[in-house]
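Below is one structure, written out as structure tokens; comments come after it.
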Amino acid sequence: MDSSDNKLNRREFLQRSAVVAAGSTALSNTALSYTRIVGANDRISLGHIGIGNRGAELDGIVALLKETKNAEVTAVCDLWTHNLERAAASNQKYYGKAPRALPHPQELLALKDVDAVMISTPEHSHSPLLRMTAEAGKDAYCEKPMGNVLEEVKAARDAVVARNLIAQIGTQHRSEPYQIAVRDSIRSGVLGDVTKYEIEWNYHGPRWRGRPEVKLIREQDTDWRSWLMNKPYRPFDPQLYFEFRLYKEFSSGISDQWMSHGIDLCHYFTDESFPDSVVANGGIFAWHDGRENPDTFQALFTYPKGFLVSYSTSFGNDAPGFTRIMGKKATMVNHGGEGSPRWQLVEEKGNHEEDSSVDSLRAVKDILLPGNKTLPPMGIGDEDPSHMTNWLDCLRSRKQPNATVHNGFSHSVACMMAARAYWSGKKIYWDPKTEAILDRAPGA
């Protein structure tokens, strides 16, 4: 941590944040939210913490919306000087002036003119930074998963809720038009009672291994101790720095990255929040390259409404992905991997106990947007800006966004349960009353 006199160190920042938080308890949630309202003609001033590959994508999305949403990235922050310099240069091109470039989050959060902060750091630091951002009184856009340590995720959620802030979690499919159309179709009752929900997304390759930045970074060009956040100290490791998704203390890999999207959409479509229980299995079967997290993984969840969810990923084969939601009246099928818009409804007609020719009794319908009679192209292309648009709109309206901290807490719990089930080999349970992850049924 930089110890120069004109910069806050972490301890000083947290102490000041605690004082501010304590002094604000007398304000109502409504008053706290009202103080954050940006005027209709005022430009939204954004800060951004963590500007690697994903962060650069988010900056690009904001730049696309800079005129229509009157927003600007005015401060960027990254511990690695290379990323920091690259982000400053990119945003200078976007806005015609250089943003303030600060290495440490505490410095950016201390800027009074920054209205809201984007967080796209490695996932072990999502929850701590979201909490710090909320304690600084700023709205946030936080990448998924919201966190992978239960107490840290709770603390981040509570810090946002206590101040009635606008925090959008980066499960962007909740804002995509096709996923919204599917949600509305499912909630109309077209499927009947759902009994099984299946997700399979695959990839062929040593995912998250071989990042070129590993050979570029030098310890003197970053702050390793700050990067570790709340984790115990260990010697500088450039592979861990950039390939953190392969190491279990920092990420659960497939669960945190891919399943977080899949299980969040499951929650969104079925109006569920937390699984009752989960079992998981898998292993390192394809890429024996020093990774700790599995390259092949499967989890089975049960949910309170009475249905089973299976999630499966292999990095050893790119067999076509799909999502299948099975109800008593019909089946909803998605062709493709994460974010695919190609949904179809397969209706079941007749009594299958009396007529075994099931195929002849089915009608297949494409799920289309209202007024749209054509299917979207197979290629997803550039990311739909709807999620960022929703967040920027909510910063002005003070309405809660499409992916709230409650939604983020829910998907994080599911992912943490699956990771614990995998590593322990046990069936893992959720206790909604105490908000605890258990290796026995609540009350047993």
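Computed from the coordinates by the stated procedures, all read-outs in this text should not be read as laboratory data. The shown structure was predicted, so the numbers you read here are calculated from the model rather than taken from an experiment. Positions of Cβ are generated from backbone atoms using ideal geometry, with glycine treated the same way; all protein chains shown enter the neighbour counts.
Extension gain ARG362-LYS248, at 0.36 nm per residue separation less the Cα-Cα distance, in nm?
Answer, rounded to one decimal: 36.6 nm.
What aspartates and glutamates could a cross-link reach from LYS69, if we take a straight Cα to Cα line under 12 Å and drop same-chain neighbours fewer than 8 places away?
Within reach: ASP42, ASP393.
Would you mind checking the radius of gyration and Dmax of the chain based on alpha-carbon positions, in Å?
22.5, 82
Hey, for a label at ARG440 modelled as a point 7 Å past Cα toward Cβ, could you say which residues of region 279-322 have their backbone N under 19 Å away?
Those under the cut-off are 279.
List the aspartates and glutamates whose alpha-carbon lies under 20 Å from that of LYS433, not counting same-chain residues fewer than 8 positions away?
Counting by Cα, and skipping residues close in sequence, LYS433 has these aspartates and glutamates nearby: GLU151, GLU152, ASP158, ASP271, GLU272, ASP276.
Most fluctuating residue of LYS329, LYS433, LYS66 in a GNM of the chain with Cα springs under 10 Å: which is it?
Per the Cα network of the chain with a 10 Å cutoff, LYS433 tops the list.
Quick check on region 204-338: what are the equivalent-ellipsoid semi-axes from the Cα gyration tensor, as sqrt(5λ), descending, whole Å?
Sorted largest first and rounded, they come to 34, 17, 13 Å.
How about region 200-252: which chymotrypsin sites (Phe, Trp or Tyr not before Pro) there lie in a loop by DSSP and see at most 11 other Cβ atoms within 10 Å?
Answer in residue order: TYR233.
Using 1/(1 + (r/R0)^6) with R0 = 60 angstrom and r between the beta carbons of ARG324 and HIS82, what's the FRET efficiency to the nearest 0.05?
0.90
Using only the Cα atoms of region 33-144, what semi-axes does the equivalent ellipsoid have when each is the square root of 5 times a gyration tensor eigenvalue? Give whole Å, largest first.
19, 18, 12
Going by Cα centres, region 248-274 and region 161-220 are how many Å apart?
7 Å
How many angstrom lie between the C-alpha centres of region 309-325 and region 83-122?
That distance is 37 Å.
Going by amide H atoms built from the backbone, whose H comes under 5 Å of the H on ALA140, apart from near neighbours?
Counting only residues 5 or more places away or on other chains, the set is VAL117, ILE166, ALA167, GLN168.
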